[in-house]
Every structure is written in C-alpha cells, then in structure tokens.
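I have placed the structure first, in the form of structure tokens, so that the comments after it can refer back to it.
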Amino acid sequence: MYRLAISHCLVSLSLWLTLPMSHADDQEILPSAIAPRSTVTLKGPISSWRERASQWYKSDDLKSRRRQMRQMSKPLKRPCYYCHTRNFKDYIDSTYLISLQMMAISSEQDLKCADCHIGKRGLTVLGAKSLIQWRYAADQGRECSDCHQDKGHFKRLNERGERSREELISWLDQHGSKLKLPSQTISAFKQQLSIKKSLNEDIPANLGSPHLPNKDKSPPTHRQR
Ligand code: HEC
Ligand code: HEC
Ligand code: HEC
C-alpha cells in the first residue's frame, strides 16, 4: 500500500515534469523583456520636456510631489538617488532627461510607470512593445504623439498611425535584430502589425489620410515568412 502510494507519487511527479507548459495560442503572446543597458532619448529641448513632464504631478505642493515620486522609485526598484543627488539639490545626468521624457509620455498616455516597468531593467509586455517603438521613434526623429492619440494608453492610433504599420514592419526588418530583444518579442509585434494592416486594407481607401513619407530606400516587406 505504502509502496504503491510512493510509486504513484513518482509517476505523477514525472508526468508533471514532462508535461509541456500550456500556452493559450489564440491569446496575444509577447514575452516581457529586459531593456538593454544603454538607453536612448527622444529629440527635443530639455525645457519642453520639463514642461510636459510637469503634467505628471498631481499637485504643486512639494510634499505631495515627494510622495508621488515613490510611484517612480517603486516599479523601477531604484532609490531616489538613482536620479537625484544625495542632497536633492541636483539631478543625475544619465537618468535625468529620460526620466523627464518618461514622466511626459506617462501623463500624456495616462499610464503609470508600473504599466511598463517591473524592477531595474525588467519590462512588462507593454514595456517591451514600447521599447521597440521608443527605439524606432528615436531613430526616425518621431514623437509618440505623431501616431498615438492622447490618453489612449498607446492603444488608440490617429490616422497617421493607422497608415504607419507597413513602415514599422520594414523598419523592424532592418533594425529589429539590433534591439537585443528576444526574437519572439519582435516577431509577435510584427505579427500584430501585419494582422491589423491587412484588416485595414479591407477598409475603403476613401479615408484620405496622408501617407507617412517612407524614408527607407528598400521596398517594404509586407509579411513575415
Ligand atoms: C527615475 C528617476 C527618479 C527617481 C527614482 C526619483 N526621482 Fe524625483 N524627480 C525626478 C525628475 C526627473 C524630476 C523632475 C525634475 C524637473 O522637473 O526638472 C523629479 C522631481 C522631484 C521632486 C519635485 C521637485 C520640484 O521642484 O518640484 C521631488 C520632491 C522629488 N523628485 C523627490 C524624490 C524622492 C523623495 C524620490 C525617492 C522616493 C525620488 N524623487 C525619486 C526623477 C526621479
Ligand atoms: C509605455 C511604457 C513605459 C512607461 C509608461 C514608462 N516607461 Fe520608462 N522606459 C520604457 C522603455 C521601453 C525604456 C527603455 C528605453 C530604451 O532602452 O531606450 C524605459 C526606460 C526608462 C529609464 C531608463 C532606464 C533605466 O532604468 O535607467 C528610466 C529611468 C525610466 N524608464 C523611468 C520611467 C518612469 C519614472 C516612468 C513613470 C513616470 C516610466 N519610466 C514610464 C517604457 C516605459
Ligand atoms: C509612425 C507611427 C508611430 C509612432 C511615431 C509611434 N507609434 Fe507606437 N504604434 C504604432 C502602430 C501602428 C502600432 C500598432 C498598433 C496596433 O497594433 O493596432 C503601435 C503600437 C504601440 C504599442 C503597443 C500597443 C498595444 O497595446 O499593443 C506601444 C506600447 C507603442 N506603440 C508605444 C509607442 C511609443 C512609446 C512611441 C513613442 C516613443 C510610439 N509608440 C510611437 C505607430 C507609431
């Protein structure tokens, strides 16, 4: 009896160990990612980013701003001194501008730092997609608001954005491998773009939005193999 129980245990244990991890294939699968060590910033003068970043605060009061700052520290798992000098009189150069830009886009898209950051360089699914888009925008001198509607959590595109999928796919074909992201992350995002692009092609073309100028010399590749 006793031996039977043990062998039963062993059988179910080995079964469990060999069982493939089940994935819901029809769901959006995009692994979260680790951001590369070196970051890039978007174009534009610091003064304008400062102004946009100031929209992030819920209050003018210094005390409540200090409290709100914990929403930055916590998801990043970084101390205040990651961005501020010890006496809080100055900022750390390497994190200042990108933090301002992050505050700005977070408030403009109505997102929290924690929607994209999970500790140090860890990124959520939304964060991983943003990394692709961030690098693309920096490379092409674009703004997120060129294509995304305000306060839409990056889920809502404007007309220009709706017409930009092909360009994004061809940019990814050329630069995707340099992003040091897991290849599934890139291919899943490309797939997302391709599916929506073909859906869009079914819509009558009388929407009349201007095409984005395609700076790439090579013809865009439409679909992944
Ligand atoms: C990821 C970077 C980062 C972290 C971490 C961070 N801060 Fe900040 N902090 C900033 C930036 C950027 C600003 C805005 C600077 C500006 O407007 O020029 C700011 C602004 C502030 C302000 C408002 C200053 C003002 O003049 O209105 C206070 C207060 C503050 N931080 C305190 C803290 C405290 C306390 C912590 C730790 C709990 C912290 N910060 C963590 C980057 C950071
Ligand atoms: C929509 C997603 C998204 C949101 C929201 C977001 N971030 Fe980021 N953040 C990123 C991505 C992607 C990178 C990597 C950029 C790169 O590597 O060029 C990044 C990089 C950073 C970096 C530089 C890398 C590092 O860890 O030192 C800081 C600092 C940062 N974010 C702070 C913040 C703060 C503070 C907030 C909230 C005010 C925030 N982020 C909100 C996506 C996001
Ligand atoms: C040239 C146009 C364009 C620009 C500029 C752009 N995006 Fe996008 N973005 C898109 C398109 C197209 C999609 C795909 C949307 C879809 O699948 O419906 C997308 C998707 C995303 C997504 C995924 C949303 C989701 O939930 O699936 C994120 C996050 C994102 N963009 C962030 C950004 C950030 C951050 C910036 C600025 C640094 C930016 N984008 C700039 C066109 C653009």
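No value in this document is a laboratory result; all are computed from the given coordinates. Computed from a predicted model, the values in this text were never measured in an experiment. No Cβ is skipped: glycine too gets one built from the backbone with ideal geometry, and neighbour counts run over all protein chains shown.
For the reader, a short list of remarks on this structure follows.
- Residue 118 long-range amide H proximity, modeled H, under 5 Å: 123, 124
- Signed unit charges on C-beta, dipole axis of the range 41-122, positive-most listed residue 85, 99, 41: 85
- Charge sum, other residues only, whose C-beta stays under 13 Å from residue 161's C-beta, Lys/Arg counted +1 and Asp/Glu -1: +1
- Grouping the Cα pair distances of the range 41-122 into 5 Å bins from zero gives a pair-distance distribution of 3, 14, 23, 31, 21, 7, 0 percent in increasing distance order.
- Spin-label pair residue 71-residue 192: with each label point 7 Å from Cα along the Cα-Cβ axis, the two points sit 2.3 nm from one another.
- Among the listed pairs 58/129; 155/196; 63/89; 43/77; 112/196, those with a Cα-Cα distance over 19 Å are 58/129; 43/77; 112/196.
- Between the alpha-carbon centres of the range 136-179 and the range 36-62 there is a gap of 20 Å.
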